[in-house]
Structures are given as C-alpha cells and as structure tokens.
1. Subtract the Cα-Cα distance of TYR92 and ARG63 from 0.36 nm times their separation in residues, and report this length gain in nm to one decimal.
2. Need one word for segment 1-93: rounded, prolate or oblate. Basis is the Cα gyration tensor (sqrt eigenvalues a ≥ b ≥ c); a/c below 1.5 gives rounded, then a/b vs b/c decides.
3. I need the phi-derived Karplus couplings for segment 73-89: 6.51 cos²θ - 1.76 cosθ + 1.60, θ = phi - 60°, integer Hz, Gly and Pro marked x.
4. From the phi angles alone, apply the Karplus equation (6.51, -1.76, 1.60; θ = phi - 60°) to segment 12-19 and give each ³J(HN,Hα) in whole Hz, x where the residue is Gly or Pro.
5. Work out, step by step, the length gained on full extension between SER198 and VAL6: first 0.36 nm times the residue separation, then minus their alpha carbon distance; give nm to one decimal.
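Every read-out reported here was derived from the displayed coordinates using simple, explicitly stated rules and does not represent laboratory data. All values reported here derive from a predicted model rather than from experimental measurement.
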Amino acid sequence: MTVLIVAASLLVGVSLGILGGGGSLLTVPILVHLAGQDAEEAIATSLFVVGVTSLAALVPHARARRVRWRTGLFFGAFGMAGAYGGGRLAAYVPGTVLLVAFALMMLATAFAMLRKPRGGAQRTAGPARRDLPLTRVAAQGLAVGAVTGLVGSGGGFLVVPALALLGGLPMGVAVGTSLLVIAANSFAGLAGHLSGASVDRGLALTVTAAAVAGSLIGVRLAGRVPQDALRRAFGWFVVVMGVFVLVRQLDTALWTRPAVWAALGAAGAVAVAAPRVRRALHRTAPVRE
C-alpha cells in the first residue's frame, strides 16, 4: 500500500509542475482511500503537501521567468484571508459533507478542463496588462481562498484562469504564478485547519517527498508536452476520481432509485450533446463582414 501511495503522490507533483493545479484534487482521495485518514485529517495533510510541493515547483518556474511576483502576491494576499476563514469554518462541517463538496468541485473542475477554450490561444499569448482591477482580484482571491480552506483544495484550476483573465498573463506565466498563490492559500488554510485537526507527520513527509520529486519532473515536461492533451487527459482522470469519491460518500440506497439514474443519464446526455450542438450552431451562424 505504501508503494501505491508514493506512486500516486508522484502524480500529484507532476500535475502541479505541469498544470499549476490538481494537487489537492488527487491528494485528498489518496489520503482518505489509500492511507485510511478521515476527511478532516486528510484535508489538513493535503494542504501541507500541496503547499510545500507548490513552493518546490515554483523555484524552477521562477528561474525560467514564468512567475509574476507582484501579481501572485497581490492575488495570494486576499486568498490567504479567505483560506484561513474557510479552514476555521471546516471544523464545524461534517466530514461527509466536506468530501461530497470536494467531489462536486472535482467534477466541476473536470468539466471546465474538458471544455474547449474559446479563443484561449489568442488570449493567453498576448502581453500582460500592468493595471489589475482591485475589486475583481479581491473578490476572486477571497473566493478561491475560501474554497482552499474549506475543502482542502489549493485552487490551482481556479487561479490559473483568473490570472490569465484578470492579468492577461500568458498561460505558462499563469501556471508559474499560480504556484505562488497555491502555496500561500494552502498554508493559510492549514493554519485554519490545525485548530480542529491533526497531521500525521510521517505520512505527510512521505507524501510530500514523493510529490516534490514529481513536481520537478512535471516542470521539466511543462514545455515539451502539448498542454491541450495534458488538460484533457487529466480532466478525464479527475472525472473518474470525482465519481469514485462521490459514490463512496453517498448513501448506498440512493443509487437503487430509478430517479437518480434517470437524472444522471439526462445530465450525461446533456454533457455529451452540448458541445456538438454548440459546434453546429457555430457552423450555421452567419458570418458578419
């Protein structure tokens, strides 16, 4: 089992190194279902693992000049406040509720990853804007931080799009800068969780060491592997993990009800049909000159 935990932790680091996110989406299920921790302890340990691993992956990104320090610190400052508050609030939320919320966030994140970006290449390739809208950065930083602290997510897949959108950062720079924000949010969330949860130091250090090694591998691969292919592959992996966590947490009797399967079937059909309908409408739309 230890070998499996170490192998899975390597994948956590690779994800953070390449995509600037996804670490906690994998770390919490690993700690709960492979290491046998309860939800509160797994979330607190995940925040430690993701925080340290993000710092390790940040160093080579910074050497390659893919980090905007001022933007990252600005965004992260608001995120830390939200993360600390979310971590304190998590002590009053049942573990099952936290894991169900975590699974739903995994599925929402996976859907966002699998969607084909509209004009993303042009948007992320442009020069970064110098002036950032303070109110929007503050609002999104607080929101991402609250998610970080409450459900043990570093928020990378929320931070990267926000940095690209608000700051006009190229995708590679947004990934590198997100690691600074993730580290700040993770440690702030951990501080909030330590008031009501403990961390197994031995397990945390083992998982962290493997994740750090994986992050260094991920950084080396970041410029060599097509980002679209990585995003889609990891998106489907997150779908599988999210469904697994959700099934494990919900009442077994719930899955015997026909209405539940009908709703899931309808949601799946909509998810499959929506992109095709959107492409068909785009092809038939009149071209404006």
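1. Gain on stretching TYR92 to ARG63: 6.3 nm.
2. It is oblate, given that a/c is not under 1.5 and a/b is not larger than b/c.
3. Each residue of segment 73-89 in turn: 5, 5, 5, x, 4, 5, x, 4, 5, x, 5, 5, x, x, x, 5, 5 Hz.
4. After applying 6.51 cos²θ - 1.76 cosθ + 1.60, I find 4, x, 4, 4, 5, x, 8, 9 Hz.
5. This chain segment gains 67.0 nm when fully extended.
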